[in-house]
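One structure is given below, encoded as C-alpha cells.
Derivation of every value follows stated rules applied to the coordinates shown; laboratory data play no part. Bear in mind that the values here come from a model prediction, so they are computed numbers and not experimental data. Glycine also receives a Cβ, built like all others from the backbone with ideal geometry; neighbour counts cover every protein chain displayed.
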Amino acid sequence: MSNNLYIDFMISLLAGTIRISIPILLPALGQIYTQRSGILNLGVEGIMIIGALSGFVGAFFTGSLWFGVFSAVVAGLLFSLIMGFLSITIKANQVIAGTALTILGTSLASFLYRVIFGIRKLPPIIDSFPSLNFLGLSKIPVIGPIFFNHNILVYLALFLVFFTWFVLEKTTFGLKVKAVGEFPRAADSKGIRVGLIRYICVAIGGMYAGLGGAFMSIGYMDTYMDHMIAGRGFIAVSVVIFSRWDPKRALFAALLFGGANVLQMRLQSIGVNIPNQFLLALPYVLTILVLVGVSKKVAFPSAFTIPYSRNSK
Amino acid sequence: MYLLWIELSRVGTMFNFMTEKAIKEAGKVIEKPLVQMIQIKKTFSGIPANDCVDFTLKEGSVHGLLGENGAGKTTLMNILFGLYEPDSGKVLIKGEPVKIHSPLDAMNLKIGMVHQHFMLVKTLTVTENIMLGIKSTRTPFLDTRMIRNRIIELSGKYGLDIDPDAKIWQLSVGQQQRVEILTAIFKGADILILDEPTAVLTPGESEDLFSILRELRNSGIGIILISHKLEEILAIADEVTILRNGVKTGETLVTPSTTKQELTRMMVGRDVLFNFTGKDVNIGKECLSLDHLCAIDDRGVQVLQDVSFSIKDGEILGLAGVDGNGQKELCQILTGLRKTTGGTIHLYDQDLLTMTPKQCIDNKIFHIPEDRQKSGLIMDWDVQKNLILKNYDSKSISGRFCLSEQRIGEQADTMIQEYNIKTPGREEVVKKLSGGNQQKIILAREMEGDPELLIASHPTRGLDIGAMEYVRQRILDQKANGAAILLVSADLEEIFQLSDRIAVIYNGRIMGIVSPDAGISKIGMLMAGIMETENVGVDA
Ligand SMILES: Nc1ncnc2c1ncn2[C@@H]1O[C@H](COP(=O)(O)OP(=O)(O)OP(=O)(O)O)[C@@H](O)[C@H]1O
Ligand SMILES: [Mg+2]
C-alpha cells in the first residue's frame, strides 16, 4: 500500500469508527439510566428497530428529518413502556420480558414496514442528515475529515455523553436513580417513589434507543431495512456493563466496538485474505471476550433485576 | 444546656419544623395527642403481627415501646411511617384522621424514623444519603456543598463524628447508626421514631443521644423509642406501651418508682434475674495468641496497630470499645477473611494467618458476626437451612448419601425451641422474621457444637431481655466446656457480667488489658482513648 493510500485508509477508518459507534453509544447511554435504576432491558434491540422505522416513516412522509427524529424518540419511549409495565408493575422476569420485547419489536417493525410501503422493487429512500463542515474546519487535512465532517446527530450523541454524566452525578434525579438501583427500600423510606423512578429510567432508555435507531435509518443509511440494527442493541447492553455504568467510559467502549466493526468492513473491502465470515464475527467475538474479562470484576447495582415490593421484607 | 436549646431551636427554624408559632403552641396546654393509632391490625400470611393495638403519643413526651423479639413493635412503627398499610384500624395525627400510604406521606406529616436496619445506600457517601431525603434548594441540581457543610456543623455540634465524604460501606455499624440519627435530626420532625437506636452505642454515646432527645422533647417533639434496654427506658421515657405477641398488654406512666422488674414481667410474663452459673472454670492452656498484629482497612487506612493479647481455654476475654475502632477487622482476620500487614497469630501451635475461612471453621473457630443480615444469614432461605448452613457436612444431619430432610428438620425444631425463635415454622423464609429472631438463628447455629475458640461480636445486640439471659448463659456454658472466648461488645454490662479479663480497643490499639475489678469508669475512659499516666496494669 502506498503511503497516501495508507493515510486515506486510516482517515476513513477513524472517521467511520466515530460514525458507527454512535448507534451503539446512544442506546448504551440510555441503558445507563435504566440499569442504574436496577432494570436490565434486553429489549433495546427491539426498541431500536422500532425507532429506526418510526424515524424513517416520520421523515419520509413529512419531509422533515427533525420530525423523524422526534417520532423515533416518542416511539422508543412508548415502546419501552411495555418493558416498564412488565418489569415494574407486573414484576415479570426481566430477561424474559426484554427478550420478548426484542422479538416483538423486530417483527412488528417488519410487518408495519410492509403495511406502510407495500412490496417494492426498490426500497424507498430519503436524504439523511448532511455532514456539517464547521465553517471549513472539515477541510483541515486529516483532522478535518475525522472530527469535523459528521452529521448533527453525531455531535448530539457526543453532547449526550456529557449530559448523561451531568444528570447522574449532579442532579437530585441522578442521585435518586442510584439509590433506587442499590437499595430500593432505603429509597422508599426516604420518600422516593421507586416504581416511578424506574419507569422514568426505562422510558429514558427507550428514548435514547429510539434515537439510536433513527440514527441508523435517517442519519447513516438513507433508508430502512429489517436487519439494520444487527445486534447493536445487545452490544449496547454489554457496553454499559463494560463501562461500569459510566457515560465517559461508555464512549470509549462504543468507539472500541465501532472500531472493530469498521475495521472488519474496511478489511473486507480491500480484500484481505481472511474468510469474511471471520471478519463479520469480529465485533461480536470482541464483545464476548470483553464481557468475560470484565464481568468478574464489576459491581452490579445491588438491586439489579430485582423487582421491588414494599411488603416483602 | 440552655445553649444547646438555642442551637436546637435554630436547627428547627432553619428546617422550618419549629416555627415561632409552633413553639408558642407547644407552650399551651395541648389536648390533642400527636399520634393516635386505634385498633391497628396487621397480619402477615395469616399470622397477626399487630392485633387491635392502640397507641397514643403525647406532644413533648418520650414514649417507650417495649416487647419481646417478634412482638410487633417494628411492624406498628412501619405502619405509622407508611411502610406497611394496616389491614384495619385508624391513625390520627394531631387529632386529624390521616391515611399514610408511603414514607413521603409520613414525612409530610413531619414524622421521621431511624430504622432498626439501616436505610442507607451503601455505595453512596454520607452526604449523598442525606441529600436523598431532603429537597434540594437548587432543584433539580444537588446542593452538595451546602449540605456537606451542614453535616460537618451538626456532626460537630452533637459529637457524632461523621466524615461527610465517607462511603457508607466503609463505616462501622455504630457509625452508620450515627448517620441515621443525623439524617433524622437534619430533616427535622414533630414525631421522631427510633427503632433500637442505642443497640450499637456505648453507654456514653447513648447518654449523649439521650440529652439530644431530651432537648428535642422539651421543644415539643414527640419521640417514640423502641428499646430492649430497660434502664434506658426508665431513664428517658415518660410513658411506655408494651406489646406481647402482637397484642397490647400494658401502658403505664414511667415514674421514679417504676422498676425494671415491673416492666419485665409485663413483657415476658416472668422475672429475668441474670443469675448465671458456671463462671468459675479452670483456665487451661493458651489457645489464641496475637503478637503485634497490624492491618489496614478497605480504604487503606491503618486499623489495627500492634495488637497483642492471648486467650486461654475456658477464659472469656472481653474486648470493649466503641464500634469502628478495629473490632470488625480483627474478627475478620481471626476467621480468615482478611489479610494482615504484620504480626503473628497462633491457634495453639498452628499459624492462623495461613488458614482459609473453611480451615478456620474446621479448626473449630466459631464466629457470631457483627452485621448479621449481611454476613450471617441467607435472607431468602428458610429457617432450617440457615440453621445448618455451617454444619452442612456434619454427620448428624446426613443420611447415607445426602442430607436427611428429617434430621435437619428435627434439629431445627430443637434449636427453634431452645432459643425461643418466633417463627411460623422451620420453613419460613428468614427475611420475614423480626430483627431479634433473625439474630437468634445465627446464635443458635454458631453456639451449637463445641468450639475451641468462639468469637462473639455483640452477641445480644437487639435481643429481648429473656433471650439475652439465655444467650449469656450459653456463652458461659461454652466457657465451662473449655472454649476460649473473645467477646466483642459495646455493652459494658455484658462485658462485666461475663469477662475474666477486659481488653479495651481504641483507634486500632489495645489501650490496656485489665481485670473487671478495675471498674466501669476506668474502662469508659480507656474506651474514649484516655490513658492514665499511672500504671495501667497490663498483663498481656
Ligand atoms: N414483611 C413481613 N412478612 C412476613 N412476616 C413479617 C413481616 N414483617 C414482620 N413479620 C412478622 O411479624 C412479627 C412481628 O415482627 P416485628 O418486626 O414487628 O417484631 P419486633 O417487635 O420489632 O421484634 P424485634 O425486637 O425482634 O425487632 C414477627 O413474627 C415477624 O415474623
Ligand atoms: Mg424490630
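Laid out as a table, the results:
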read-out	value
Two-site label geometry, B:Glu405 and A:Ile103: point separation in nm, points 7 Å out along Cα→Cβ	3.4
Degrees between helix B:405-418 axis and first principal axis of chain B (Cα, 0 to 90, nearest 10)	60
Local electrostatic count at B:Cys52 - Lys and Arg +1, Asp and Glu -1, tallied over other residues with Cβ under 10 Å	0
Among A:271-279, B:315-323, A:297-305, the order from most to least packed when residues are scored by Cβ within 10 Å on average	B:315-323, A:297-305, A:271-279
Coil-residue chymotrypsin sites (Phe, Trp or Tyr not before Pro) of the range B:214-309, DSSP, other Cβ within 10 Å capped at 14	B:Phe274, B:Phe276
Degrees between helix B:2-14 axis and first principal axis of chain B (Cα, 0 to 90, nearest 10)	70
Phi to ³J(HN,Hα) by Karplus 6.51 cos²θ - 1.76 cosθ + 1.60 over the range B:48-57, Hz, x for Gly, Pro	x, 9, 9, 10, 6, 8, 9, 8, 10, 10
Under 12 Å, Cβ to Cβ, from B:Arg138 - net charge with Lys/Arg +1 and Asp/Glu -1	+2
P(r) tail fraction, the protein assembly as shown - alpha-carbon pairs more than 39 Å apart, %	50
Sequence ranges A:5-14, B:361-370, ranked by mean other-Cβ count within 10 angstrom, highest first	B:361-370, A:5-14
Trypsin sites (Lys or Arg not before Pro) within the range A:102-173: DSSP coil, no more than 13 neighbouring Cβ in 10 Å	A:Arg120, A:Lys121
For residues of B:103-115, the mean tally of beta carbons on other chains within 10 Å	2
Average beta-carbon neighbours from other chains, 10 Å sphere, peptide A:162-175	3
DSSP H segments from chain A that extend 20 Å or more along their own axis, Cα-based, with Kyte-Doolittle mean of -0.5 or above	A:3-36, A:44-62, A:65-84, A:94-117, A:152-170, A:194-218, A:247-269, A:276-295
Assigned charges on the beta-carbon of Lys, Arg, Asp, Glu; chain B dipole about Cα centre (debye)	1540
Ascending count of other beta-carbon atoms within 10 Å, so fewest first, for A:Trp245, B:Trp169, A:Trp165	B:Trp169, A:Trp165, A:Trp245
Neighbour cut-off at most 10 other Cβ (10 Å), DSSP loop, trypsin sites (Lys or Arg not before Pro), the range B:284-330	B:Lys285, B:Arg299
Tilt relative to chain B, helix B:203-218 - C-alpha long axis, 0 to 90 degrees, to 10	10
Among the listed pairs A:Lys178/B:Lys58; B:Lys99/B:Lys229; B:Lys312/B:Lys339; B:Lys94/B:Lys122, those beyond 26 Å (Cα-Cα)	A:Lys178/B:Lys58; B:Lys99/B:Lys229; B:Lys94/B:Lys122
Exercise: per-residue mean of other protein chain Cβ atoms within 10 Å, B:137-146	3
Among B:Val322, B:Ile505, B:Phe55 - extreme Cα towards positive end, dipole of chain B, charges at beta-carbon	B:Phe55
FRET E, pair A:Asn4, A:His227, Förster distance 51 Å, beta-carbon r, rounded to 0.05	0.90
Cα gyration tensor category, rounded, prolate or oblate, for the range B:301-376 with a/c compared to 1.5	rounded
Positive-end extreme of charge dipole, chain A - chosen from A:Ala303, A:His150, A:Thr171 (charges on Cβ)	A:Ala303
Positive dipole terminus of the protein assembly as shown, leading residue within B:Leu337, B:Leu454, A:Ile82 (C-beta point charges)	A:Ile82
Approximate spin-label separation B:Arg145-A:Phe300, in nm, with each point projected 7 Å along Cα-to-Cβ	3.9
Antiparallel DSSP beta bridges within chain B, percent to nearest 5	55
FRET efficiency estimate (nearest 0.05) - Cβ-Cβ, A:Ser64 to B:Ser396, R0 45 angstrom	0.05
Packing-based exposure ordering (other Cβ within 10 Å, fewest first) of B:Lys279, B:Lys479, B:Lys122	B:Lys279, B:Lys122, B:Lys479
Cβ-based exposure ranking for A:Tyr284, A:Tyr155, in which fewest neighbours within 10 Å come first	A:Tyr155, A:Tyr284
Considering only the range B:33-268, percent of DSSP beta bridges that pair antiparallel, nearest 5	55
Dipole magnitude of the protein assembly as shown about its Cα centre (Cβ charges: Lys, Arg +1; Asp, Glu -1), debye to nearest 20	3320
Rounded to the nearest 20 debye, dipole of the range B:375-449 from Cβ charges on Lys, Arg, Asp, Glu	80
